[in-house]
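To start, the structure itself, in structure tokens.
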Amino acid sequence: MKVFLTNHTKTILKPLEDISSELNLDITEIYPHSIDESLKAVTPDIAIINWTDSMGEETDTIIKKFKAIKSPPFILLLSTKEATNELMNGILSGADDYLIMPFTKDELRLKFNVIKKHIVNTKALIKTKRKLMRYAKEDPVTSVLNRRALLDEILNEMRRSSRRGDFICAIMINLRNYNELLNKMGVKIFDIFLGEFSSKLKKSIRPYDKIGRFDLSRFIIFLPQARNDDAQKVSERIIKNIQSQKFKYKEDYIEPSVSIGISELDPDDMQRDDKFDDNIINDLILESFIRRSEFATSTADEKGKNSIEVYTF
């Protein structure tokens with residue numbers, strides 16, 4: 001564990017060094033004026049601050065600097081019995097725990113084992129929270145945005161595009177032989193196929209474009225700052241990527257059949273503010289925007305395999 005030791009003394013440093021090898025501590029001695037530079041170089045797991053009466057306000061500032069970084073360290077305050085009342089200010093400022101001096105090496109070892117357990121549990125909790133947040137937005141089979149998350153992204157971009165005066169486009173991709181492939185491969189293998197299929201879709205678009213699974217057999221790609229001609233090129237690239245690398249199942253090569261519909265949205269049709277009425281209007285505009293893509297996709301489906309249709313009024 002990386003440890004920052006601030007305002008240290010030999011009395012504090014010696015027992016820390018004695019247990020550093022046993023607990024795998026990487027101790028860095030820093031000074032109050034150099035904290036900002038030190039934090040740019042490395043983020044510690046633990047910050048130990050020696051609290052003294054003469055640096056109450058300064059210690060409060062140090063604590064706030066540690067707490068302001070993205071992954072703040074566990075902050076341990078050290079002080080004497082005489083300064084116990086002052087330690088309350090440090091705890092209220094954001095410190096996590098304290099230890100009264102003088103202390104033995106065994107007391108310090110015990111405290112660090114408790115802190116280590118806290119850090120491990122906190123990191124596990126953060127990791128779990130990030131997974132839950134990701135799963136709340138992602139389709140579990142394809143790892144692209146789920147329907148709700150995709151529509152939220154489009155609504156946000158609609159407001160931005162309206163302010164900038166940019167056109168936006170939606171591409172709907174319908175996997176025409178969805179049921180046929182599902183029956184042939186079974187659910188588990190078909191899910192793997194869908195993951196590879198969506199990966200090819202993602203490789204066909206720009207990093208800032210958005211892709212999501214609209215329903216079982218249909219995906220939507222949302223293109224900011226794009227017109228119908230741009231969406232047409234992306235659609236052609238999608239079909240090319242699907243055809244260039246076959247999906248192998250047992251001894252056969254699976255060939256997905258798609259139909260693609262494109263629709264365009266004028267920035268003048270969108271509401272740019274985040275007011276309640278504007279949000280309602282944008283919801284209705286988004287519904288119409290998606291329906292136009294659906295209509296174009298249905299027309300492309302009637303034309304046959306790997307057809308592209310641009311919606312026109």
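Residues that are farther than 22 Å from K116 by Cα and assigned to a helix (DSSP H, G or I) within region 12-34 comprise P32, H33, S34, listed in sequence order.
Would you tally the residues in region 177-208 being buried (at least 19 other Cβ atoms within 10 Å of the Cβ) and part of a loop (DSSP other than H, G, I, E, B)? Going through region 177-208 one residue at a time, the tally reaches 1. Restricting E82, E37 to residues that are out of contact with any Phe, Trp or Tyr (no Cβ under 8 Å at 6 or more places or on another chain), under 27 Å from I126 (Cα atoms) and either among the acidic types (D, E) or part of a strand (DSSP E or B) (or both) narrows the list to E37. Restricting attention to region 1-27, the residues that are surrounded by fewer than 16 Cβ atoms within 10 Å (Cβ to Cβ), at pLDDT below 85 and farther than 17 Å from L110 by Cα total 3.
Only one residue in K131, K117 is in the same structural domain as D45 (by TED's automatic domain parsing) and either outside any helix (DSSP H, G or I) or farther than 30 Å from I27 by Cβ (or both), so which one is that?
Details: K117 fails: either outside any helix (DSSP H, G or I) or farther than 30 Å from I27 by Cβ (or both).
After ruling out the rest, the residue left standing is K131.
Condition check for L99 on (1) assigned to a strand (DSSP E or B); (2) farther than 18 Å from K117 by Cα: one failure, at (2).
Just the residues that are of a type in the set (V, I, T) and out of contact with any strand residue (DSSP E or B) (no Cβ under 6 Å at 6 or more places or on another chain), please, taken from region 206-239.
Within region 206-239, V234, I238, I239 meet the criteria.
Which one is nearest to S263 (Cα to Cα) among residues in region 209-247 that are free of Cβ contacts under 8 Å to residues at least 40 places away in the same chain and assigned to a helix (DSSP H, G or I)? Only one residue fits best here, namely D229. Considering (1) modelled with pLDDT of 90 or more; (2) acidic (D, E); (3) in a helix (DSSP H, G or I), the lone condition that E107 does not fulfil carries the number (1).
The values are calculated or read from the model by the stated rules, or taken from the named source; none is laboratory data. Remember, predicted model here, so these are calculated numbers, not experimental data. Neighbour counts run over all protein chains shown; Cβ positions are idealised from the backbone, glycine included.
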